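Notes follow once the structure below has been shown.
Computed from the coordinates by the stated procedures, all read-outs in this text should not be read as laboratory data. These figures come from a predicted structure and were not determined experimentally. Glycine gets a Cβ as well: all are built from the backbone with ideal geometry, and neighbour counts include every protein chain shown.
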Amino acid sequence: MRRYVSDTAELTDEYGIQIGRWTQYRDLGPLPFDAMWCVIPPGGSSTEDVHPEVEFAVVTRGTAIYEAGGEKVEVPTGGVILLEPEQRHVIHNPSPEQPLTILSVYWMPRPEVGEPDAGDGTGRD
């Protein structure tokens, strides 16, 4: 069993917030997904982001407001937001006092049925 905590992660400035990529945990080896901690200061917001991956984001501390396509969704501690590929989004921390921490897990989407699979070209798993 291994334990990873956002409070001790190495963070860098990216997307206007603090990011701790899980590649820093070298003992994990290759994973079938990528992950990162996202820490947004009180009253702060990320810059707009868009990427080809599916993103599964778990709010681990605070409350997040995700803004995408003109819609705003509040996500409390323990809540999850699922972002589709190429979905432009901004994350806001509405708290004037508490940092917001999110665990973002992301991966390339699987091909739709009938689409060629990048792996063997057959479109089958």
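This model, with +1 at the C-beta of Lys and Arg and -1 at the C-beta of Asp and Glu, gives the chain a dipole about its Cα centre of some 500 debye.
Sorted on the mean count of surrounding Cβ atoms within 10 Å across their residues, most packed first, peptides 40-46, 22-28 read 40-46, 22-28. Note: relative contact order over the chain, using C-alpha pairs below 8 Å and six or more positions apart, is 27 percent. Taking only Cα atoms and a 10 Å spring cutoff, compute GNM fluctuations for the chain and point out the largest among Gly69, Gly20, Gly29. Comparing Gly69, Gly20, Gly29 in a Gaussian network model of the chain, the most mobile one is Gly29. Each of Pro52, Val5, Trp37 was scored by the projection of its Cα onto the charge dipole of the chain, and the greatest displacement toward the positive side belongs to Val5; charges sit on the C-beta of Lys, Arg, Asp and Glu.
Which value results when the Cα radius of gyration for the chain is divided by 2.2 N^0.38 Å?
Numbers: Rg = 15.9 Å, N = 125, 2.2 N^0.38 = 13.8 Å.
After normalising by residue count via 2.2 N^0.38 Å, the value is 1.16.
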